[in-house]
Amino acid sequence: MAFDSFRDFVNQLDRAGELKRITQPVATELEITELADREMKSPGGGKALLIEQPTLNGAGSPFPLAINTMGSWKRMAMSLGANSVDEVAAELGSLMKAKPPMSFREGLKLLGTALELRHMKPKLVKHGPCKEVVHKVASSEVRVDSWPKAPDWKNPSTINPQPSTLLNLPIQKCWPLDGGRFITLPCVVTQDPDTGERNVGMYRIQIYDDRTTGLHWQLQKVGARHGRRYYETGTRMPVAIFLGGDPVFTFAATAPLPDGLDEFLLAGYLRKKSVELVKCETNDLEVPANADFIIEGYVDPREPLRDEGPFGDHTGYYTLPEPYPVFHVTAITHRKDAVYPATIVGIPPMEDFYLGGASVKLFLPIFKMNFPEIVDIALPAEGVFHNLVFVSIRKTYPMQAYKIMHGLWGMGQMMFTKYIVVVDDDVDVHNTSEVIFRLCANTDPQRDSIFTKGPSDVLDHATSEIASGSKLGIDATKKTLDEGFKRTSSKWMKR
C-alpha cells in the first residue's frame, strides 16, 4: 500500500486505533520529548502521538507534529503497507531465491514478480504537492498555489499556508543540554559528482538560525563521501532535505543499502508503486513529489566547518560538539496540509529500535546469501542498533563462528558492531535471556573470545579515539573435539 502523504499515514494510524491526539498546546522545547519518551517506553511501544498545536518559544507553529509513528511492530508493518514485517521479509526473501522457471506455472509466477519489480524505478514528474507553497529564502519570494480560507485543524483543506522558515517549523529541542533544535527525521539527498549516483541518508540537522544548519553526516556515511569529492574540487555542493510523504521513504533512508544503490528503488519496491520525483526549485536534485516538506540548499567547501552538538544520543550520553559542514537554505517548499514528522533519540527502547529491527528482518535473506549457515540475527534494544548483535548458525565445522564474526564485521554498517555473540541454531536470538544463558553455559572466556580492531561509530563516546575502536566476538556455540574441547561432553538437557 502506498501512502499519498504523511497525513494519509497518520489518518490510517488513527483509524487503526494506533494514534493519540494531543489537542492542547505542547512545547517543542523538552515537553514533546517527555510525552514521547513515556509513550515509547510503554508496553509494545505505546501509541503514535499527533501534537496538533506544537509551540515554539510560546508561539504556535502552523504545522501539527507526529511522533512515534513507527514505534511498534504493528505500526512499522503499516508503514510498509503490510500485515507484518515478517510478511515483507518473506516476500523479499523469495525474490532473492528466484530461479529460472522449470514449468509454465513457475513461469507465470516469475512473470508476476517481474511485474511487481516494474515499480522499483522512480519516475520524474513536473509538479507535486510538495510545492503547493514555495518560499525561496534568498529572494524572499513566496508562491502559494490556491490560497485556502481560515485555518481549521480538523479540516486540513482549510489550513492557511504561511511562508515557512526554519524558525516556524515545529523543530524540537529534545534534551536539556542539546546544542539547539534538531530535525530528527530528515531524509538527506546528495549526489555523487562523478557518477551522478543519488543517495538518501538520515543525518541529524541542527538549526543555527533561519537560513543555516549543521549537517551531521558521519565519517563513514555515503553523504560524507559525496561531500569529500566536492571539498576536493572546491565546488558548491547541492543538498536537499525532505520530511514526510510516504513513511517508507524514512525507512529506506535508514536501511543499510550498498553504496550506489538508490534508496528510491527500495521504496518503490516496498510500496509497490513508483516513487514520483520532482526537481528542486533552486538546484537540480530530485525529491519525492508527495513529501510534506522540502528544504533546499547547499554546502560551500570554501567556508570553515562549524561545531554541531552536543546532542542527547542513543547511549544516554550527550555526543560532544564536533565540526561539521554548514548547510545554507535557499528554499523551503511544503504541502498546504503538511504534517511534521519527528522522533527522539535517547536511552532505549525508542522508536528507532523498530526501524533497525525491520532492516534486519528485511535484509536477513541477503546475509543468508553470503552466509548460508546463518539462521537468524537480532539487534537487542540495549545495543542501540549495531553495538550488540546476536546471530544463530547451523554449525557444521570447527571455528565456523569466527568466520561469521569476521564476515559480518566486513558488511556495511556492521563494521560498527562492538560485540557479536554467535549461538547454535536451536537458540532464539530474539530472546536475550536465552542467549545470555547459552553465553554463560557454553563458553570459556579465554578460549571462546576474540578481540579485533576496526572502525567505530563516531557517536560512540566510549572509544579512546573518535571513529576507531576495538571489537569482541564470542563463540557461544557448543564446542567440538576439533575445537580443542577434550573433555567428555555431558548430554544436553531438554524438557
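The values are calculated or read from the model by the stated rules, or taken from the named source; none is laboratory data. As the structure is a prediction and not an experimental result, all values here were calculated from the model. Cβ atoms come from the backbone with ideal geometry, glycine included; neighbour counts cover every protein chain shown. Note: areas computed on protein heavy atoms with side chains; ligands, DNA, RNA excluded. Shrake-Rupley method; radii C 1.70, N 1.55, O 1.52, S 1.80 Å.
The table that follows gives values for the structure above.
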item: The one condition in (1) at pLDDT 85 or above; (2) among the aliphatic types (A, V, I, L, M); (3) open to solvent by 60 Å² or more (accessible area, probe 1.4 Å) that VAL85 fails to fulfil; result: (3)
item: Extreme residue, farthest from ALA289 (Cα to Cα), among residues of segment 28-50 that are more than 21 Å from the chain's Cα centre (by Cα) and either open to solvent by less than 20 Å² (accessible area, probe 1.4 Å) or hydroxyl-bearing (Ser, Thr, Tyr) (or both); result: SER42
item: Matching residues, segment 330-340, being open to solvent by 10 Å² or more (accessible area, probe 1.4 Å) and not basic (Lys, Arg); result: THR330, ASP337
item: Identity of the residue in segment 262-310, modelled with pLDDT of 95 or more and of a type in the set (Phe, Trp, Tyr), that ends up farthest from ILE171 (Cα to Cα); result: TYR298
item: Subset of segment 197-206 (residues that are farther than 17 Å from PRO323 by Cβ and either outside any loop (DSSP other than H, G, I, E, B) or in contact with a Pro (Cβ under 9 Å, 6 or more places away or on another chain) (or both)); result: ARG198, ASN199, VAL200, GLY201, MET202
item: Residues of segment 297-328 classified as in a strand (DSSP E or B), more than 16 Å from GLY180 (Cα to Cα) and touching a Lys or Arg at 6+ places or on another chain (Cβ under 8 Å), total; result: 3
item: Residue list for segment 226-244, restricted to those being closer than 16 Å to ASP284 by Cβ, in a loop (DSSP other than H, G, I, E, B) and touching a helix residue (DSSP H, G or I) at 6+ places or on another chain (Cβ under 8 Å); result: ARG236
item: Evaluation of VAL458 against (1) modelled with pLDDT of 85 or more; (2) open to solvent by less than 90 Å² (accessible area, probe 1.4 Å); (3) under 30 Å from GLY309 (Cβ atoms) (one fails), failing number; result: (1)
item: Leading residue by the ranking (nearest to LYS74 (Cα to Cα)) among those in segment 1-22 that are at pLDDT 95 or above and polar (S, T, N, Q); result: GLN12
item: Residue identified as on the phi < 0 side of the Ramachandran plot, loosely packed, with under 13 Cβ neighbours inside 10 Å and among the charged types (D, E, K, R) among LYS403, LYS418, LYS486, LYS478; result: LYS486
item: Any chance GLN220 is open to solvent by 30 Å² or more (accessible area, probe 1.4 Å) and either aliphatic (A, V, I, L, M) or within 16 Å of the chain's Cα centre (by Cα) (or both); result: yes
item: From GLY179, GLY196, residue being touching a strand residue (DSSP E or B) at 6+ places or on another chain (Cβ under 8 Å) and open to solvent by 10 Å² or more (accessible area, probe 1.4 Å); result: GLY179
item: Criterion: surrounded by fewer than 22 Cβ atoms within 10 Å (Cβ to Cβ) and either modelled with pLDDT of 95 or more or touching a His at 6+ places or on another chain (Cβ under 9 Å) (or both) - qualifying residue of PRO258, PRO238, PRO321; result: PRO238
item: Test: LEU80 is within 16 Å of the chain's Cα centre (by Cα) and more than 16 Å from ARG15 (Cβ to Cβ); result: yes
item: Condition broken by GLU286, with the remaining ones in (1) open to solvent by less than 50 Å² (accessible area, probe 1.4 Å); (2) within 28 Å of SER79 (Cβ to Cβ); (3) in contact with a Lys or Arg (Cβ under 8 Å, 6 or more places away or on another chain) satisfied; result: (1)
item: In segment 150-176, residue most open to solvent (accessible area, probe 1.4 Å) [restricted to those that are at pLDDT 65 or above and among the hydrophobic types (A, V, I, L, M, F, W, C)]; result: LEU167
item: Filter result (assigned to a helix (DSSP H, G or I) and either of a type outside the set (S, T, N, Q) or over 23 Å from GLY44 (Cα atoms) (or both)) within segment 1-25; result: PHE6, ARG7, ASP8, PHE9, VAL10, LEU13, ASP14, ARG15
